[in-house]
1. Using 0.36 nm per residue of separation minus the Cα-Cα distance, give me the extension gain between L57 and R29 in nm, one decimal.
2. Number of Lys-Lys pairs in the chain under 14 Å by Cα, sequence gap 8 or more or different chains?
3. Would you mind working out the magnitude of the charge dipole of the chain relative to its Cα centre, with +1 at each Lys and Arg C-beta and -1 at each Asp and Glu C-beta, to the nearest 20 Debye?
4. Within 15 Å, Cβ to Cβ, of D10, how many net charges do the neighbouring residues add up to if Lys/Arg are +1 and Asp/Glu are -1?
5. For the chain, report the % of Cα-Cα distances exceeding 20 Å.
6. If amide hydrogens are placed 1.01 Å from N in the peptide plane, which non-local residues have theirs closer than 5 Å to the one on K9?
Amino acid sequence: MKFNELKDKDTKTLVQSLVSIKKELFNLRMQKAEGKLEKSSRVRECRRDYARVKTKLTQLKSA
């Protein structure tokens with residue numbers, strides 16, 4: 001997910017995507033603990049997507 005993709009989304013959609021990213025991140029951590037994680041780079045991508053969405057929500061809140 002690029003930051004430009006978040007530009008046109010509203011707060012409700014951003015919060016929903018934040019929840020889904022958080023769930024995916026939890027699932028990836030569980031897979032890593034079990035030793036079943038195939039694509040370890042996905043954890044990093046999810047963490048960065050989470051940060052992008054949080055940044056956008058903060059920008060909307062301050063505007």
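1. Working: separation 28, 0.36 × 28 = 10.08 nm, distance 2.45 nm.
Taking 0.36 nm per residue and subtracting the Cα distance, the gain is 7.6 nm.
2. For the chain, the number of qualifying lysine pairs is 12.
3. Dipole of the chain, to the nearest 20 debye: 180 debye.
4. That sum, taken over residues with Cβ under 15 Å, equals +3.
5. Summing the P(r) of the chain above 20 Å gives 31 percent of all pairs.
6. none
Laboratory data are not the source of any read-out in this text; all were calculated from the coordinates shown. Keep in mind that this is a model prediction, so the values were computed, not measured. Quick reminder, even Gly has a Cβ in these numbers, built from the backbone with ideal geometry, and neighbours come from all protein chains shown.
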